[in-house]
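Worksheet: one structure, shown below.
The values are calculated or read from the model by the stated rules, or taken from the named source; none is laboratory data. Nothing here was measured: the structure is a model prediction, and the numbers come from that model. Positions of Cβ are backbone-derived with ideal geometry, glycine not excepted, and every protein chain shown enters the neighbour counts. Ligands, DNA and RNA are excluded from the accessible area calculation, which covers all protein heavy atoms including side chains. Shrake-Rupley method; radii C 1.70, N 1.55, O 1.52, S 1.80 Å.
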Amino acid sequence: MQSRRRSLAPFFLLALAVGLSGCGSSEPEASATASQPLEPGALEVLRRVDHVGDLAYEPMVLQHPDGALFVNGFGRDPDPDAVPQLWRSDDDGQSWQRLDVGDAADGATGNSDPDLAAAVDGTLYSIHLGWDSATQRGTHIAVGASQDLGESWTWTRLSEGYEEDRPWVGAAPGGVAHAIWNDNRGGVRQSVTRDYGSSWSDAVQIQEVGGSSHLAVGPSGELAVRVTPLSWGGYRF
């Protein structure tokens, strides 16, 4: 859900490596598994990159299948129809460029709670909540899809008028992606695209109570959704 205490200014990134600390080798060791947890000190900061520019509250970071890095976030604009913010780095975070995602006329709207996902085919998804600070309620969910590394976008407003909160998006194979969010009257809603974000299904309630959802998509399209009792609107048992 949106942090009601806005605490983060221009973003920075930390590049981390597994198994480098004290090993005397330039090659990372094998990744840890559930039965082989990381040892203390196994993560080492390789590089910190500070990017000073527009504010990016609650930023999400994603590495695209082609290697590009993306960060989205939101600034201080209280307008729920403010244009979302998105940056891309093509040099491992050394430099960043602000991308033009469109404007409100294109459907590019949202000033809170961003998320990012990328499919193996390269389709990039960016989802955003519109938040009305006067009423302390969500106004809508908008999601954008790009197939050219964020240079052009197709935007869809998935829902409005349900007191929405905290959207998430996950990409599956074959042009499929899933979006979920809280409706704050109890429950979790879902919308699906099967054509790389060109169109999305009508929202359906997949859980009658709960909120603060998150989702994960498996390599064959398996979908797991987390639902907890807590949401911004209160406890939903």
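Shown here are the Rg and Dmax of the Cα trace of the range 108-237, at 13.9, 43 Å. Label separation (LEU149 vs LEU62): 1.6 nm, computed from points 7 Å beyond Cα along the C-beta direction. Karplus-based coupling profile of the range 97-110, in residue order and whole Hz: 10, 6, 9, 8, 9, x, 9, 4, 5, 7, x, 7, 9, x, with θ = phi - 60° in 6.51 cos²θ - 1.76 cosθ + 1.60 and x standing for Gly or Pro.
For the pair the range 192-216 / the range 66-99, the C-alpha centres are spaced 24 Å from each other. Close amide H contacts of PHE74 (hydrogens built in the peptide plane, cut-off under 5 Å, sequence separation of 5 or more or a different chain): TYR57.
A simple packing score, the average count of other Cβ atoms within 10 Å per residue, orders the peptides 42-50, 63-71 as 63-71, 42-50, with the highest score first. The length gained by stretching the chain between THR228 and ARG157 to full extension, at 0.36 nm per residue less their Cα-Cα distance, is 23.0 nm.
At a probe radius of 1.4 angstrom, the accessible area of the range 105-158 per residue rounds to 32 square angstrom. Between SER198 and VAL45, the C-beta separation translates, for a Förster distance of 41 Å, into a calculated FRET efficiency of about 0.50. For TYR196, the solvent-accessible surface with a 1.4 Å probe is about 90 Å², rounded to the nearest 10.
Residues whose amide H comes within less than 5 Å of that of ASP92, counting only those at least five positions distant or on another chain, are LEU69 (H built at 1.01 Å from N in the peptide plane).
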